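The values are calculated or read from the model by the stated rules, or taken from the named source; none is laboratory data. Since the model is a prediction, treat every value here as computed from it, not as a measurement. Note: ideal-geometry Cβ built from the backbone for every residue, glycine included; neighbour counts use all protein chains shown.
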């Protein structure tokens, strides 16, 4: 009986970066059409994620991407923005889930029974699939933004606070894609105006 319940897995990518949106995905897998090799996106090579992404989109019963932009992150904080993005991903599903499993320890209100699963991206196939879709989507976007905002190394570090990124913030300043509510960005603004 358990197999017939439509379970959506939800995961996010991009809570820690200093730039760009937080991206989430929701996926309802098809038990009749399994996908080999699903695991946490962080444990997979970029090449493997790129191979799995179209398979997930093709074989899943439903999938959707949700996001919260930099302005929202700065207005309501990264945790709240992540929960909003997760709600958007679940709301975007073409098939209504009967249960939602969210990676981590916080659950957004999604209008149906939902459960937070700590380390869910290591144990729940639906969450693994969601983590892959969110990561591929966000990484592609950061690579595109790298061409628009050169010199920050966005294609390499995807907006995370690496030494190169922090130095670029000091030298080149803050762009519209930077999260002004994050400490290192505030510090860069302060040092350049001072």
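Miscellaneous remarks
- Residue pairs whose Cβ atoms lie under 7 Å apart, sitting 6 or more positions apart in sequence or on different chains, and linking a residue in region 1-30 that is within 20 Å of residue 160 (Cα to Cα) to a partner that is at pLDDT below 95, are 11/121.
- Some residue of region 12-30 being more than 30 Å from residue 168 (Cβ to Cβ) and surrounded by fewer than 19 Cβ atoms within 10 Å (Cβ to Cβ): yes
- Taking region 44-59 as the range and being surrounded by fewer than 17 Cβ atoms within 10 Å (Cβ to Cβ) and either farther than 21 Å from residue 140 by Cα or touching a residue at least 60 places away in the same chain (Cβ under 8 Å) (or both) as the test, the residues that pass are 46, 50, 57, 59.
- Unique residue being under 30 Å from residue 61 (Cβ atoms) and in contact with a strand residue (DSSP E or B) (Cβ under 7 Å, 6 or more places away or on another chain) when the list is 136, 185, 118, 110: 110
- Number of the exception - residue 164 against (1) more than 22 Å from residue 65 (Cβ to Cβ); (2) touching a strand residue (DSSP E or B) at 6+ places or on another chain (Cβ under 7 Å); (3) surrounded by fewer than 18 Cβ atoms within 10 Å (Cβ to Cβ): (2)
- Failed item, numbered, when residue 110 is tested on (1) closer than 25 Å to residue 43 by Cβ; (2) surrounded by 15 or more Cβ atoms within 10 Å (Cβ to Cβ); (3) in contact with a helix residue (DSSP H, G or I) (Cβ under 8 Å, 6 or more places away or on another chain): (1)
- Filtered by the rule that a residue be within 20 Å of residue 31 (Cβ to Cβ), outside any strand (DSSP E or B) and either more than 16 Å from the chain's Cα centre (by Cα) or at pLDDT 95 or above (or both), region 103-125 gives 112, 113, 120, 123, 124, 125.
- Cβ pairs under 6 Å, 6+ apart, first in region 79-94 and in contact (Cβ under 8 Å) with a residue 40 or more places away in the chain and at negative phi, second in a helix (DSSP H, G or I) and surrounded by fewer than 19 Cβ atoms within 10 Å (Cβ to Cβ): 81/72
- Counting only residues that are within 18 Å of residue 23 (Cβ to Cβ) and over 23 Å from the mean Cα position of the chain (by Cα), region 140-194 holds 0 of them.
- Scan of region 1-30 for residues that are assigned to a loop (DSSP other than H, G, I, E, B) and at pLDDT below 95, ordered by number: 1, 5
- When restricted to residues that are over 16 Å from the mean Cα position of the chain (by Cα), buried (at least 16 other Cβ atoms within 10 Å of the Cβ) and part of a helix (DSSP H, G or I), region 60-102 contains 1.
- Taken together, the residues in region 136-156 that are in contact with a helix residue (DSSP H, G or I) (Cβ under 6 Å, 6 or more places away or on another chain), assigned to a helix (DSSP H, G or I), in contact (Cβ under 8 Å) with a residue 60 or more places away in the chain and farther than 18 Å from residue 36 by Cα amount to 3.
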